[in-house]
Amino acid sequence: MSEGGYASIGLGDLLALLSANNPLAGVQKSVAQFQHGVNQFLESIERFNDTMDQLNQVARRVNGLLDTVEEPVQALVPQVTRTIKTADALVEQLRVPVEKVAPALAALPTDLSTFLNVLNDVSRRLQPLGQLAESAGSVFGLRPLAALRVGGGRPAPAPPAEPAPAAAKKAPTKKAPAKQQAAAKQAPATKKKAAPKR
């Protein structure tokens with residue numbers, strides 16, 4: 001005890017006495033909440049910094065890609081411009097000839113149809129002449145023209161330039177089969193005539 005008979009009371013004792021109605025308890029809670037809010041704000045700033053770092057990396061990569069592509073694109077643009085100008089000039093030069101040729105091309109199917117009709121008419125009119133030629137050829141022992149026209153037989157071989165003596169001897173033997181064929185054609189005709197007489 002002190003000289004005055006009173007015990008010395010400290011700040012802690014005073015706060016202990018006022019613990020039930022401690023006015024600083026609300027302040028302590030407010031300070032704790034403020035510290036918690038500051039911690040969350042600092043974490044948010046760190047996350048924002050990480051995001052900005054990632055965005056910076058992406059920006060660097062995009063800049064590198066643009067640096068890589070920029071030079072070829074700059075070299076290509078004049079080429080494309082020249083190509084377009086050349087194509088325009090070519091189209092302009094071809095426009096007049098195409099306009100002149102277009103009506104002829106439009107009339108081409110009709111002209112072809114007319115031409116084919118004329119060819120068909122000519123072949124129809126020449127058909128009797130072809131039959132006459134085939135008849136004359138059969139009289140002389142030649143192949144019929146139909147074999148040549150259809151492509152069913154081979155064309156007749158060209159005669160040798162200088163006939164050999166052996167070829168001259170074989171010539172009469174070739175005529176003999178033609179005579180035999182003519183005799184064979186006449187013989188069946190006589191047999192047919194003989195059959196009705198019986």
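Fully extending the segment from PHE34 to LEU129 would add 22.0 nm, taking 0.36 nm per residue of separation and subtracting the current Cα-Cα distance. Each residue, GLU70 and LEU142, gets one label point 7 Å from its Cα in the Cβ direction; the gap between the two is 8.7 nm. Remark: the LEU55-ARG95 segment gains 9.0 nm on full extension, using 0.36 nm per residue and subtracting the alpha carbon distance. A simple rule links phi to the HN-Hα coupling: the Karplus curve 6.51 cos²θ - 1.76 cosθ + 1.60 with θ = phi - 60°, which for segment 99-106 gives 5, 6, 7, 4, x, 5, 5, 5 Hz, with x for Gly and Pro.
For segment 72-85, the Karplus equation 6.51 cos²θ - 1.76 cosθ + 1.60, evaluated at θ = phi - 60°, returns couplings of x, 5, 5, 6, 7, 4, x, 4, 5, 4, 5, 4, 5, 5 Hz by residue, with Gly and Pro reported as x. Extension gain for the segment THR114 to ASP88, taken as residue separation times 0.36 nm less the Cα-Cα distance, is 5.5 nm to one decimal.
The numbers here are math on the coordinates, done by the rules we state, and not lab data. This one's a predicted model, so the numbers in the text were calculated from it and none came from an experiment. In this analysis, Cβ positions are derived from the backbone assuming ideal geometry, glycine residues included, and neighbour counts consider all displayed protein chains.
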